[in-house]
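Every read-out reported here was derived from the displayed coordinates using simple, explicitly stated rules and does not represent laboratory data. Nothing here was measured: the structure is a model prediction, and the numbers come from that model. In this analysis, Cβ positions are derived from the backbone assuming ideal geometry, glycine residues included, and neighbour counts consider all displayed protein chains.
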Amino acid sequence: MSVQRLALKLSMAFAVGAAALLATGSPAAAAYNDDHYVTLWDDNASCQAGRLDFVDYGEGAPGGGMNDDYFVVRDTCANGDGVLGRVYVNGVLIDTQYNGGGSGSSIIWDPAQVYANDVVRMDICGANGPEDYLGYSCTPTTFRSQDG
């Protein structure tokens, strides 16, 4: 009977340890917060026209759960134009995203997985509609990811 009790105690201890490992093995929060943003100013309308955010780790699209590395393209000025976000990783253009939803609108966008030591360049530009792939008055920022 004592062997069975010992076996039961050991199996319970193993189960608790395994559960703890599983709980900590789920997607972890970023070790270093790499959040960055870049803004675009509209001199004619005297307002911040747009903003492009890099979110290192957080709640992405509604219902999508916690995501690692995504971008948010924000139209922040009622100036009649939309905004265009561009993302480059290690010098390569990955994707562009247009937001013409009007002031206060934002689009959650996940064009690329960013890894440790990747160099990320983000551009936010004014845009004259969804077919304006170049944009105008672009503002860039570049950073090196610490932990991906």
Globularity index of the range 98-148, i.e. its alpha-carbon radius of gyration over 2.2 N^0.38 Å: 1.36
Cβ-Cβ cut-off under 10 Å around A116, Lys and Arg +1, Asp and Glu -1: the net charge is -2
Note down the net charge around N90, summing +1 for each Lys or Arg and -1 for each Asp or Glu among other residues with Cβ under 12 Å from its Cβ. +1
Label points 7 Å out from Cα along the Cβ direction at S46 and F143: separation in nm? 3.1 nm
Quick one: what are the phi-derived ³J(HN,Hα) couplings along the range 39-51, Karplus 6.51/-1.76/1.60 with θ = phi - 60°, whole Hz, x for glycine and proline? 10, 10, 9, 9, 5, 5, 8, 6, 8, 6, 6, x, 8
Report the far tail of the P(r) of the range 36-144, meaning the percent of Cα-Cα pairs longer than 16 Å. 54 percent
Note down the nm distance, to one decimal, between modelled labels 7 Å out along Cα→Cβ at D95 and at Y32. 2.5 nm
Provide the net charge surrounding D81, with neighbours chosen by a C-beta distance below 10 Å and charges set as Lys +1, Arg +1, Asp -1, Glu -1. -3
